[in-house]
Amino acid sequence: MRNGSLRAFLTSAAVGFFCVVAAPVFAEQNVLRVVIESDPPTLDPTQSTSAVVTYFADLVYEPLFAYDSKGSVQPQLVQNYTVSEDHLKYTFTLRDGATFHDGKPVKSADVIASLERFFSKDSSGSELKKRIKALQASDDKSFTLTLSEPYGFVLDVLAKRTPTIPYIYPAWTIAAGTGVPISDHIGSGPYIYDPQASRPGSVLTLRRNPQYAGRAEPQDLLAGSRKGGSDVIELHSMPDSQTAANALTAGEVDFISDLDPDLVEQLQTTPGIVVGPFDPRSGTILLRFNSLTRPFNDARARRAVAMVTDQSQYFPLVTARPEDGKECKSIFTCDSPYTNFVGSDVIGNMNVDAAKKLVKESGYDGTPIVVLQPTDVPNLKAVALVAAQQLRSIGFNVEVAASDWATLIQRRALKVPQSEGGWNLFVTTATADQLDSPSNSLPANMNCETSWAGWPCDKVAEDIKSAFEKATSVDERKKLAADFQARILEVMPYVPAGQFVSLSAWSDKLQNIAKGPGAPFYGIVKKAD
């Protein structure tokens, strides 16, 4: 089947962008088969915050900067850059040989078009945009960004990992406008998407880009070389986790990205299988409210849910080992630089009577609360049921809406009332690096239309975040991070429901597995039998 797919890929050279790419020739293909958490709801990384979309996008696209394993920002598509002494003018030069999959060089015009799209869709991007006086191409390979005031997060924003990620696209693929999804998945990354060999809902096939000219430095998490290990990477969707485990044991797949806790013991004792964290920092369980519609458009209703959120009932559902889960009532990942517990005593205080009183004061009228439940993500499936039960304990009339993850993603994008197909609450997880500071916290973004699904608005929180980004000392930033947390836990756009380390499983034939926040698949190689 794989040889047949290759023939289809080569045949497609007569169509579209493949016509200008030299056909790859592999004496014997080395194929890395990865089981991802669920079927991606879209392949356009500007339309979804889902991790499975980012897995795909990291293979196809590149950003200007990327984080290394120490959390430092390093140039990626940018070859080098300078900053003026007054910290107002940044001059960037693109990497030599950087080329899109259609054979055309990455130009400054592509970068500017991509950043403008990013600025309009991302809260951190919009904050940077407010301070940009000019963004101009000097020539095809260099461009300048001029600020109206110094801003210490320019490179952090350009390297950010919290979706939306500022990948660089060919300008023509995004020319239809920010609201139009990208349909031509052409990047400058180490792998080329092969739609001919892909089957929607089952497998996405990506082939190593034979013209990729990456960085000379060795790979260091997301920084450095992205030249790729395997000739082909297949991203498989397998709704049944036991089927995925059986496929790994039989050597039919090589990697399971998000392992069902119920299968950890089985695979830990299977010869040839390694069980461990892909991202040792992993993440936090979140209960996310729809702040646009009743009853959770009222902070009192949201705080009532927080009061009965017993974290000890949640993290055991997503972990197989006691040491992999713990309570964390900070909005920042525990043990990160801005961790604090200001205002966090509201979470899980289990004052049921007080919570019921808040529900009544919010004006809740008994209308069913729609809790979205993903049926193909075992961990979150159970989390949704616990959340539903805790809502019922304080008087909410709850309806659990079960669907696969891809359908859930589509439904949570709806802003209409629950009576018209909308929703009130969904459960998900955020990785540790997505909750490290006020600037990169996706669920604590309170910027209305550019906020994450749930669309909370709060000018006070946004003003504190803006002050945090202007602060120049560590002590000042820590003070503002505490203020930010106090405000977030007052308006409660989501509830943190416990921290955990997620486990993956892979064949012991795999080598060069990078581990850390946003760890990619492009560097992994598989030993021959």
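Numbers for the structure displayed
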item: Calculated P(r) of segment 207-351 - Cα pairs past 28 Å, %; result: 46 percent
item: Descending semi-axes in Å of segment 91-236, equivalent ellipsoid built from Cα gyration tensor; result: 28, 18, 15
item: Sites Leu88 and Glu449 - FRET efficiency at Förster radius 25 Å, r taken between beta-carbons, to 0.05; result: 0.30
item: Net +/- balance of residues flanking Lys326 in space, Cβ distance below 14 Å, scoring K and R +1, D and E -1; result: -2
item: Long-range Cα-Cα pairs in segment 28-157 (distance over 24 Å), rounded percent; result: 37 percent
item: Probe 1.4 Å - accessible area at Cys334, Å² to nearest ten; result: 20 Å²
item: Directionally averaged projected area (convex hull, Cα atoms, segment 355-466), nm²; result: 8.0 nm²
item: Centre separation in Å (Cα based) which lies between segment 260-335 and segment 425-486; result: 19 Å
item: Relative contact order (percent, whole number), segment 158-219, Cα cutoff 8 Å, 6+ residue spacing; result: 21 percent
item: Separation between Cα centres of segment 358-404 and segment 112-140, rounded to whole Å; result: 39 Å
item: Gap separating the Cα centres of segment 165-228 and segment 30-54, nearest whole Å; result: 12 Å
item: Percent of beta bridges antiparallel (DSSP, the chain, rounded to nearest 5); result: 75 percent
item: Global form of the chain, assessed from the alpha-carbon gyration tensor, a/c cut-off 1.5; result: oblate
item: Magnitude of the charge dipole, segment 111-221, Cβ model with Lys/Arg +1 and Asp/Glu -1, debye to 20; result: 180 debye
item: Measure of compaction for segment 390-519 (Cα Rg per 2.2 N^0.38 Å); result: 1.31
item: Segment 33-145: relative contact order as a whole-number percent, Cα under 8 Å and 6+ apart; result: 17 percent
item: Relative contact order for segment 110-252, counting Cα pairs under 8 Å that sit 6 or more residues apart, in percent; result: 16 percent
item: Nearest-20 debye value, segment 299-343 charge dipole, Cβ charges on Lys, Arg, Asp, Glu; result: 320 debye
item: Options Ser502, Asn512, Met492, ranked by Cα towards positive dipole end of segment 430-515, top entry (Cβ charges); result: Asn512
item: Listed residue (Val318, Ile464, Val31) projecting farthest to the positive dipole end of the chain, Cβ model; result: Ile464
item: Cβ charges +1 (Lys, Arg) and -1 (Asp, Glu), total dipole of the chain, debye; result: 580 debye
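The values are calculated or read from the model by the stated rules, or taken from the named source; none is laboratory data. For clarity, every value in this text was computed on a predicted model and none was experimentally measured. In this analysis, Cβ positions are derived from the backbone assuming ideal geometry, glycine residues included, and neighbour counts consider all displayed protein chains. Calculation scope for accessible area: heavy atoms of the full protein, side chains included, ligands and nucleic acids excluded. Shrake-Rupley method; radii C 1.70, N 1.55, O 1.52, S 1.80 Å.
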